[in-house]
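**Q** The structure follows.
The values are calculated or read from the model by the stated rules, or taken from the named source; none is laboratory data. None of the values given here were measured: they were computed from a predicted structure. Cβ coordinates were reconstructed from backbone atoms using ideal geometry, including for glycine residues, and neighbour counts include every protein chain displayed. Remember, those area values only see protein heavy atoms, side chains included, never the ligands or the DNA or RNA. Shrake-Rupley method; radii C 1.70, N 1.55, O 1.52, S 1.80 Å.
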Amino acid sequence: MTSGELEQFVTGLGQPKFRAKQITEWLRRGAPNFSVMKNLPENLRTGLDAAAITLPAQIEKKLESSDNQTTKFLLKLLDGEVIETVLMRTSYGNSVCVSSQVGCAMGCRFCASTLKGLRRNLTMNEMIAQILIAQWELRSDSAIKPNGDANNNDVSHIVVMGTGEPLQNTENLKGFLEYANAQMGISWRRMTVSTCGIVSGINDLTEWGRPVNLAISLHAPTDALRETIMPINKKYGIADILDAAFIQTEKTSRQLMIEYILLAGINDSPENAEALSELLRGKNVMVNLIPMNAVSEREFAAPSNNAVHRFQDVLIKNGVHTRIRRERGADIGSACGQLRLGDKNEK
Ligand code: SAH
């Protein structure tokens, strides 16, 4: 509800207007229901819980990683679908990995999210709910794990890297990020949208103009190789994707992030690294190398540590900025590429 709608709703219940403001404050903190809103009269709280909901998603299950810093939420939506959201407490802040769709249509051969295809887009409110739920979790003392900064119990970073292709759901994505910026004070520069390379969607972000970070899931340096692991490359080739991406990052003065999963024997050779350097040399990019995470239905394997470093060394030699992504929560199936429809989530 807009604030006007909420006021109307509240006065319709015979309540004074200021209740709407009280409720709004609770909603912004991610209240899971009305009974937690302790500054409302008890009968009103009960009445509201019978008549309304605070969020279009409820925690179905919560998995804590043994690293003590990663929590995966299985969230049940109003139509019964289940999605996954990951909260990562880091030294630089609290980052939420948000899903943008139920399932995914992209068909990438190494990823668990697409195994059952696309069920539907998430609404703007369903994306907002994911960060509000994480926010509530961070504020509830039972759940807080020290992350080195005792004052730091707000969501500070958003990565749209969960299940789904965000640029197939661009309008809701933008509305969600606008909310996070305006209502939760999260800076644009702490938001990252990751895409497999939907050029029309990248152009849409450019036109929108907000300085969010853009990450491209590249994973191969040539179209011929990329097509074999990412079917979407038949529609949008590497050159067009990178052209569109650099227009966005130049307009917003951001560094482009390139995600590159290393799949043993597929795309992890020094020649592949040379070809990748050719594409990116001299550009304002950071290559995030992601050793393949296990997905039981998928045949690919992670490269050896040696292969990872050999690959990275080639990039460094060519002056391309690179780092190896530290994986979080692989033991709870919450690492990159492991998020899926919520029916195979036993620990
Ligand atoms: N559809 C968007 C958002 C998902 S982001 C995109 O493609 O960018 C999730 C990231 O994890 C992507 O970079 C994806 O390619 C990567 N990923 C998928 N499967 C993986 C796996 N098995 N191991 C490591 N990373 C994987």
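**Q** Could you run through segment 204-221 and say how many residues are within 14 Å of the ligand (Cβ to nearest atom) and polar (S, T, N, Q)?
**A** 2
**Q** Next question, about the same structure. Tell me which of these ALA224 doesn't satisfy, since it passes every other one: (1) within 15 Å of the ligand (Cβ to nearest atom); (2) under 24 Å from ARG298 (Cα atoms); (3) without any contact (Cβ under 8 Å) to a residue 40 or more places away in the chain.
**A** (1)
**Q** Is there any pair linking a residue in segment 245-259 that is closer than 10 Å to THR206 by Cα and hydrophobic (A, V, I, L, M, F, W, C) to one that is open to solvent by 50 Å² or more (accessible area, probe 1.4 Å) and assigned to a helix (DSSP H, G or I), with Cβ under 9 Å and at least six apart or on different chains, and which?
**A** ILE247/ASN203
**Q** In addition: Go over the candidates ARG310, ARG326 one by one and state the one that is more than 11 Å from the ligand (Cβ to nearest atom), open to solvent by 50 Å² or more (accessible area, probe 1.4 Å) and under 21 Å from THR85 (Cβ atoms). Break it down into steps so the answer makes sense when it comes.
**A** Numbers: ARG310 fails: under 21 Å from THR85 (Cβ atoms).
Among ARG310, ARG326, only ARG326 is more than 11 Å from the ligand (Cβ to nearest atom), open to solvent by 50 Å² or more (accessible area, probe 1.4 Å) and under 21 Å from THR85 (Cβ atoms).
**Q** Is there any pair with a first residue in segment 160-171 that is on the phi > 0 side of the Ramachandran plot and a second that is near the ligand (Cβ under 8 Å from one of its atoms) whose Cβ atoms are under 8 Å apart and which are 6 or more apart or on different chains, and what are they?
**A** Cβ pairs passing all conditions: GLY164/SER100; GLY164/CYS104; GLY164/SER113.
**Q** Looking only at residues in segment 90-142 that are assigned to a helix (DSSP H, G or I) and among the small types (Gly, Ala, Ser), which one is farthest from GLY164 (Cα to Cα)? Before you say what the answer is, go through the steps one by one.
**A** Step one: of segment 90-142, the residues assigned to a helix (DSSP H, G or I) are 124-139, 141-142.
Of the ones still in play, those that are also among the small types (Gly, Ala, Ser) are 129, 134, 142.
Working: ALA129: 16, ALA134: 19, SER142: 31 Å.
The selected residue is SER142.
**Q** Give me the pairs, please: first residue somewhere in segment 104-115 and within 9 Å of ARG298 (Cα to Cα) and more than 6 Å from the ligand (Cβ to nearest atom), second residue anywhere and open to solvent by 20 Å² or more (accessible area, probe 1.4 Å) and not in a loop (DSSP other than H, G, I, E, B), beta-carbon distance under 9 Å, and either six or more positions apart or on two chains.
**A** That search, which allows pairs on different chains as well, returns ARG109/THR228; ARG109/PRO231.
**Q** Continuing with this model, one more query. Please specify each residue of segment 183-195 satisfying the condition of being at pLDDT 95 or above and either more than 16 Å from the chain's Cα centre (by Cα) or not charged (D, E, K, R) (or both).
**A** As a first pass, look at segment 183-195 and keep what is at pLDDT 95 or above: 186-195.
Across segment 183-195, the qualifying residues are ILE186, SER187, TRP188, MET191, THR192, VAL193, SER194, THR195.
**Q** Does segment 196-205 contain at least one residue that is among the polar types (S, T, N, Q), over 27 Å from GLU274 (Cβ atoms), open to solvent by 30 Å² or more (accessible area, probe 1.4 Å) and under 17 Å from the mean Cα position of the chain (by Cα)? Before the answer, list the steps.
**A** Here is the first cut: in segment 196-205, the ones among the polar types (S, T, N, Q) are 200, 203.
If we keep only those that are over 27 Å from GLU274 (Cβ atoms) too, we end up with 200, 203.
Now restrict to residues that are open to solvent by 30 Å² or more (accessible area, probe 1.4 Å): 200, 203.
Then drop every residue that is not under 17 Å from the mean Cα position of the chain (by Cα), which leaves none.
No, every residue in segment 196-205 fails to be among the polar types (S, T, N, Q), over 27 Å from GLU274 (Cβ atoms), open to solvent by 30 Å² or more (accessible area, probe 1.4 Å) and under 17 Å from the mean Cα position of the chain (by Cα).
**Q** Which residues, counting only those in segment 196-216, are among the aliphatic types (A, V, I, L, M) and in contact (Cβ under 8 Å) with a residue 60 or more places away in the chain?
**A** So in segment 196-216, the residues among the aliphatic types (A, V, I, L, M) come out as 198-199, 202, 205, 212, 214-216.
ALA215 - this is the single residue of segment 196-216 that is among the aliphatic types (A, V, I, L, M) and in contact (Cβ under 8 Å) with a residue 60 or more places away in the chain.
**Q** Please go through segment 147-203 and pick out each residue that is farther than 18 Å from LYS251 by Cα, more than 10 Å from the ligand (Cβ to nearest atom), among the small types (Gly, Ala, Ser) and assigned to a loop (DSSP other than H, G, I, E, B).
**A** GLY148, ALA150, GLY185
**Q** Restricting to segment 115-128, name every residue that is buried (at least 22 other Cβ atoms within 10 Å of the Cβ) and touching a Ser or Thr at 6+ places or on another chain (Cβ under 9 Å). Break it down stepwise before answering.
**A** If we filter segment 115-128 for residues that are buried (at least 22 other Cβ atoms within 10 Å of the Cβ), which is where we start, we get 122, 126-128.
If the condition is that a residue be buried (at least 22 other Cβ atoms within 10 Å of the Cβ) and touching a Ser or Thr at 6+ places or on another chain (Cβ under 9 Å), then LEU122, GLU126, MET127 are the ones that fit.
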